[in-house]
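Data first, discussion second: the structure below is written as structure tokens.
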């Protein structure tokens with residue numbers, strides 16, 4: 001049985017990100033018998049927590065229930081889908097707060113001896129990002145580059161998670177229903193293909 005964590009990392013209640021996460025999840029259910037894929041889904045808009053790591057790593061900050069549930073799902077999952085907007089060339093603040101609060105030493109990575117190189121604790125997992133942005137297509141890779149460095153390289157890979165090719169969706173606020181339908185179809189097909 002495969003274990004899938006889906007995170008809709010848009011802090012808005014209704015968004016294209018929500019629709020894309022829904023389409024991917026529907027694709028998973030079409031591509032894999034329910035008995036063969038267990039899904040845990042989180043919508044950032046529904047999660048309640050303090051996004052500020054108030055003491056850095058100097059003191060332990062107790063995890064709220066939603067964060068504890070997310071950390072448990074992160075450690076449990078074989079594959080992780082993250083759907084997020086890019087705002088001002090970066091991640092939404094609440095999503096960055098989720099990362100700061102959950103990707104903790106001793107939980108997702110650890111340091112040994114006095115080495116600055118981490119020992120990853122989330123090895124054997126894969127992740128895919130679907131990123132939406134308002135930048136036009138010719139700037140999509142440029143706009144996404146800082147987010148991919150931060151999220152793929154310095155968060156997921158740092159903790160041992162192998163990243164798959166991201167899906168970049170440009171001009172998200174400047175499109176029509178036909179284009180949205182094509183993006184949703186792509187997300188659905190990814191879900192089917194990745195969980196057969």
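The requirement of being under 23 Å from residue 13 (Cβ atoms) and modelled with pLDDT under 95 is satisfied by residue 173. Given the criteria within 17 Å of the chain's Cα centre (by Cα) and buried (at least 16 other Cβ atoms within 10 Å of the Cβ), does residue 40 qualify? The answer is yes for residue 40. In the set 98, 117, 71, 104, only one residue is surrounded by 14 or more Cβ atoms within 10 Å (Cβ to Cβ), more than 13 Å from the chain's Cα centre (by Cα) and more than 21 Å from residue 187 (Cα to Cα); that residue is 104. Here the condition is being in contact with a helix residue (DSSP H, G or I) (Cβ under 6 Å, 6 or more places away or on another chain) and closer than 15 Å to residue 98 by Cβ; of 67, 74, it holds for 67 alone.
Pick from the stretch 127-139 the residues that are under 20 Å from residue 19 (Cα atoms) and over 12 Å from the mean Cα position of the chain (by Cα): which of them is surrounded by the fewest Cβ atoms within 10 Å (Cβ to Cβ)? Here the residue is 134. When we screen 160, 124 for residues that are surrounded by 15 or more Cβ atoms within 10 Å (Cβ to Cβ), on the phi > 0 side of the Ramachandran plot and touching a residue at least 12 places away in the same chain (Cβ under 8 Å), the only hit is 160. Would you mind stating whether residue 86 is surrounded by 21 or more Cβ atoms within 10 Å (Cβ to Cβ), modelled with pLDDT of 95 or more and in contact with a helix residue (DSSP H, G or I) (Cβ under 7 Å, 6 or more places away or on another chain)? Taking the combined requirement at face value, the residue satisfies it. Mind counting the residues in the stretch 1-14 that are surrounded by 15 or more Cβ atoms within 10 Å (Cβ to Cβ) and either over 14 Å from residue 85 (Cβ atoms) or touching a strand residue (DSSP E or B) at 6+ places or on another chain (Cβ under 7 Å) (or both)? Qualifying residue count, the stretch 1-14: 9. Among the residues of the stretch 95-108, those that are farther than 18 Å from residue 81 by Cβ and in contact with a helix residue (DSSP H, G or I) (Cβ under 7 Å, 6 or more places away or on another chain) comprise 101, 107. Those strands (runs of 3 or more DSSP E) of the stretch 1-113 in which 3 or more residues are within 21 Å of residue 129 (Cβ to Cβ) occupy 2-8, 37-43, 79-85.
The values are calculated or read from the model by the stated rules, or taken from the named source; none is laboratory data. In this text the structure is predicted, and so the values were computed from the model without any measurement. As a convention, Cβ positions derive from the backbone with ideal geometry for all residues, glycine included, and neighbour counts pool all protein chains shown.
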